[in-house]
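All remarks here apply to the structure that follows.
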Amino acid sequence: VRPVDRKPIAVALAGDERWVFVYILCVLLISAGVGIAVGHVPGWMLGSALAVTLSLASYFMFLTPRRRQIRTYARWRDVMPCYLSVQDRDLRIIDTNDLFRREFGNRVGERCFEAYKNKDGRCPDCPVLMTFEDGQGHSGEETVVGKGGTIHHVVVTSAPLKDDHGDVVAVVEMSMDVTEITNLRRELDQSRRDYKELFGSVPCYICVLDRDLRISEANDLYVRGFGDVRGSLCYEACKGRDSPCNDCLVAKTFKDGRMHTSEETLTTRDGRQMNLVVHSMPVLDDTGEVRSVLEVFTDITEVKNLQRQLTLMGRAVTGMAHRIKNLLMGLEGGIFVVNTGMEDDDKDAVAQGWEMVERNVNRVTRMVKDLLYCSKERRPEFEEGVSPIEIARDVHDLYSTRISGEGIALNVEVEDDVPPGFYDPEGIHSLLSNLVSNAIDACRFDATEGKESHNITIRCLKGNADTTVFEVEDNGPGIPEEDVDRVFEDFFSTKGTEGTGVGLLVVQKIAQEHGGTVTFDSSPGEGTRFTVTIPPA
Amino acid sequence: MSAKILIVDDEADIRLYLSKALEKEGYETVVAANGMEALEIARNGGIDLVSLDLEMPRQTGTDFYRRISKDKDLKDIPIIVVSGLAGRDVALKEPVAVFDKPIDLDRFIEVVEETVGEG
């Protein structure tokens, strides 16, 4: 410890020292007086010696605490790892340590807040002032500015310097530089915020699970989807089970510290079924042990839907190919019969062959038309004064001749007061034709035992609220229960020769173009009724 | 005596086409619109060859094949598959031949001749 200048501190306490010296002087004078009054030299000398002894003793007796304080201060001032300053009641700096001088320069005589806090007035909650007030130590956090303008974050602790009466005459302000720690804390806070934001904004359902499979954290999306399940057991809260799932990914990750993936179906709290890809990822502690597991769920319901659509599309293409092959073979057959008839000069055969060609060309035309209905190419052509009854009758007449002799009875029932209206006549014709074609195919394919005959009824009725209702009812095999949900989805049927294969899509599209709806009732083995309801234009 | 060929297809035009083509070659033909009808005709006897479509109402070609395979009198009747279905090649155990639609008529006649002799 190098020698230090104690003077400034002594000055700080000088007020008290004066009174001590006055006291000592008084003792000396009294002792001298006593000696002179007694009148003999040895007594005078004895009195003086006694007085000097007493004064020295009282000097040390009275000054020891103060000196000790100054000594302690002086001893530690320059070894303390903090900026140290002593301030008076005006917050004027009386003394500083080396570290303080190095960082802030020689500021003795300046007011603390001007000297290194870059302020015009006292800081709120100034610990130094509080210590002057109550004589106790105080602390707080402050920002101070170094010589080069460097900002330092400091934790300030104040301690009183008291005189012999216990009054606070100066305060030591010790400022511990915590800039590094503060910066680290800020970085930590920032990365926490970033992490939170990321956690919240990722379009995935994320939760953090502990070893007991208890959810400790969940992001906003997860909470929105599955409720606030934090604190609950994963398998209870999200999977409605009372024991962990077999093949639990999280358990696997806890065991081997690796990422695992699977596909799951979960139900959200609003009852929506979701297809999810699940990844379980380890969160490691300092020692590399798996502390918790992050479970990330990505919603692939849309992808699954697309996959299903693609599968259906594939089936549609296959079905279409099958149908086109039959049409081509029918056409080739027609050409063969025409050629043979011509070779043999058999007019009947030529006529028969032409009929075959015409029939198959018509089927190709209908198929192309229906496909166009399904695509966006065809725009509906609405007309005023179209009679839905007439269209129903036309379709009935068209198919009656076509299926004559097949043991299928086609009937038409209309309510005469169904008024003409604003329809796309060709569209409605196609709609009914498709429903009737499907019904014919259904009856042809019906292998229900004991069914003697088949009936198909086309109806055109007046519905509620001025709606027009078309119905096509058959007593065919009905739609098997397992297919009921897919009736409008499975958009190409390979069965039957009457329908074009895309019939129900066409029906749905035309009904929608008229603002209407399509529904159906079906009993397996007994038949099916399709109902199209079209609101008034 | 010319061979008797059973043509099974739910498409009337295809039935007509094949029967005309075979009759032109001198074969006798008989037609059925589905498996059930075909089985009835086959049970009546005298069928030397079957031209069989697969996808048909009431009873498919595969159903028909399964049934005649179990019938000791009918199980040896040779079958030619004529179908546009994707799985036509594997639908039957041992068909004489499998034709995609529309058929190569010359090749079809050739196979018929190889199987039952000229008409």
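Every read-out reported here was derived from the displayed coordinates using simple, explicitly stated rules and does not represent laboratory data. Remember, it's a predicted structure, so these values are computed and weren't measured experimentally. Note: ideal-geometry Cβ built from the backbone for every residue, glycine included; neighbour counts use all protein chains shown.
A few remarks follow.
- With only Cα atoms counted, chain A has Rg and Dmax values of 51.0, 183 Å.
- Take every pair of alpha-carbon atoms less than 8 Å apart whose residues are at least six positions apart; their mean separation over the length of chain A yields a relative contact order of 7 percent.
- Placing unit charges on the Cβ atoms only, positive for Lys and Arg and negative for Asp and Glu, gives chain A a dipole magnitude near 5060 debye about its Cα centre.
- Where only DSSP H runs of four or more residues are counted, chain A gives -15500 deg cm²/dmol as its mean residue ellipticity at 222 nm, each run worth -39500 (n - 2.57).
- Alpha-carbon geometry of the stretch A:377-523: the Rg and the Dmax are 15.2, 47 Å, given in that order.
- Ranking A:CYS26, B:PRO57, A:LEU184 by Cα position along the charge dipole of the protein assembly as shown, where only Lys, Arg, Asp and Glu carry charges on their C-beta atoms, puts A:CYS26 farthest toward the positive end.
- Remark: the stretch A:73-163 projects, on average over all directions, an area of 5.7 nm² (convex hull of Cα atoms).
- Using a Förster distance of 35 Å, the FRET efficiency for A:ARG230-A:GLU141 (Cβ separation, nearest 0.05): 0.60
- Dipole-positive endmost among A:HIS454, A:TYR195, A:THR265 within the protein assembly as shown (Cβ charges, Cα centre): A:TYR195
- Given charges at Cβ of Lys, Arg, Asp, Glu: the protein assembly as shown dipole, positive-most of A:SER139, A:ASN305, A:ILE408: A:SER139
- Cα centroid separation - the stretch A:254-310 against the stretch A:361-390, whole Å: 47
- The stretch A:411-489 - charge dipole about Cα centre, Lys and Arg +1 at Cβ, Asp and Glu -1, debye rounded to 20: 180
- DSSP beta bridges confined to the protein assembly as shown are antiparallel in about 75 percent of cases.
- The chymotrypsin sites (Phe, Trp or Tyr not before Pro) of the stretch A:113-185 include none that DSSP puts in a loop with a beta carbon having at most 14 other beta carbons within 10 Å.
- Checking the cross-link pairs A:LYS325/B:LYS70; B:LYS4/B:LYS72; B:LYS20/B:LYS101; A:LYS369/A:LYS462; A:LYS304/A:LYS369 against a 27 Å limit on the alpha carbon distance flags A:LYS325/B:LYS70; A:LYS369/A:LYS462; A:LYS304/A:LYS369 as lying beyond it.
- Of the residues B:ILE103, B:ILE14, the one with the fewest other Cβ atoms within 10 Å heads the list, and the complete ranking is B:ILE103, B:ILE14.
- Charges were assigned to the Cβ only: +1 to each Lys and Arg, -1 to each Asp and Glu. The resulting dipole of the stretch A:351-485 about its Cα centre is roughly 560 debye.
- DSSP H segments from chain A that extend 24 Å or more along their own axis, Cα-based, with Kyte-Doolittle mean of -1.0 or above: A:14-38, A:41-77, A:301-343, A:347-374, A:425-444
- Taking max minus min of the alpha-carbon positions on each principal axis, the stretch B:3-119 gives extents of 31, 30, 25 Å, largest first.
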